[in-house]
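**Q** Mind having a look at this structure? Questions to follow.
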Amino acid sequence: MLAIDRNRDALLRMVAALLVMAGGGVVSVLPRSVRTEIFSVLRPAESALRRLVLVVKEVLAIQAGVAAARGAGTGPVGASSGAGVRVPSIALFDRRKCFDFKGHPPVTRGNPRVWMPGMEYPVFEPKTVPLPDDPVSAERLCRRLQALQRALGDLPKQARRLARWQAKRDAVVSERPSYPPIRPGRPPGYRARISHPVDSVLQDCHALALYALHDPPDTS
């Protein structure tokens, strides 16, 4: 489909730009402001990819029995990035929303107080304020970028992987109703006000995924 190729190419260009911002995806630390900016694009890009994979699975009519012929669960979960570092596979299911109404623990206010026997008054630790240029870990961020780029490079492979995961899940919870890989409501990383091109791509991919779920194409 033209829509799949268009959105895939747009995501590949965005991931390439994010990798440049992340020092090629091989750095261990980044300034806090840079990591925050990358995450603001990475999360909706991952959501858009999951919806593209679902659309490819429906368009290609990949059945779980055909995909399972490779042997579900026999291959590695991740792949090597070429430098001896294991690149994780991207998650193909949205994280479900948490509806826990039990309440949250009380928030501790104020600075930590240090006191020990023999001290007349407690000592208050100075409160540290995070700064935009503070160095923060970027290893997990780089691995997610590499996994996203790898998945975009072969959407049919990810679609077969999604079919195997759905078959395994349905076999375990056969007595329960099956749920789609995308969660109901707005997708993760959704922004109503478009502030980056990835927002338009996510909205387009989400609409395609809903159409594929409710009005699957006729491939017979």
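**Q** Kindly list, by first and then second residue, each pair from a residue in region 142-158 that is in contact (Cβ under 8 Å) with a residue 24 or more places away in the chain to a residue that is of a type in the set (D, E, K, R) and part of a helix (DSSP H, G or I), limited to pairs with Cβ atoms under 8 Å and residues at least 6 apart or on different chains.
**A** Arg144/Glu46; Leu148/Glu46; Leu152/Arg8; Leu155/Arg8
**Q** Could I ask something else about it? Would you confirm, using the coordinates I've provided, whether Lys168 is surrounded by fewer than 16 Cβ atoms within 10 Å (Cβ to Cβ), in a helix (DSSP H, G or I) and at pLDDT below 90? So that I can check it myself, show each step before the final result.
**A** Details: surrounded by fewer than 16 Cβ atoms within 10 Å (Cβ to Cβ): yes; in a helix (DSSP H, G or I): yes; at pLDDT below 90: yes.
Yes; evaluated as a whole, the condition is true for this residue.
**Q** Let me ask something additional. Which of the following residues is loosely packed, with under 10 Cβ neighbours inside 10 Å, farther than 26 Å from Val29 by Cβ, among the β-branched types (Val, Ile, Thr) and modelled with pLDDT under 60: Val66, Val77? Steps first, please.
**A** Working: Val66 fails: loosely packed, with under 10 Cβ neighbours inside 10 Å.
Sole residue among the options that is loosely packed, with under 10 Cβ neighbours inside 10 Å, farther than 26 Å from Val29 by Cβ, among the β-branched types (Val, Ile, Thr) and modelled with pLDDT under 60: Val77.
**Q** Can you tell me which residue is farthest from Arg13 (Cα to Cα) among those in region 28-48 that are over 11 Å from the mean Cα position of the chain (by Cα) and part of a helix (DSSP H, G or I)? Steps first, answer last, please.
**A** Quick first cut of region 28-48, residues over 11 Å from the mean Cα position of the chain (by Cα) only: 28-38, 40.
Subsequent filtering for residues that are part of a helix (DSSP H, G or I) retains 32-38, 40.
Numbers: Arg32: 23, Ser33: 21, Val34: 18, Arg35: 18, Thr36: 19, Glu37: 16, Ile38: 14, Ser40: 16 Å.
Checked region 28-48; the qualifying residue farthest from Arg13 (Cα to Cα) is Arg32.
The values are calculated or read from the model by the stated rules, or taken from the named source; none is laboratory data. Remember, predicted model here, so these are calculated numbers, not experimental data. Glycine gets a Cβ as well: all are built from the backbone with ideal geometry, and neighbour counts include every protein chain shown.
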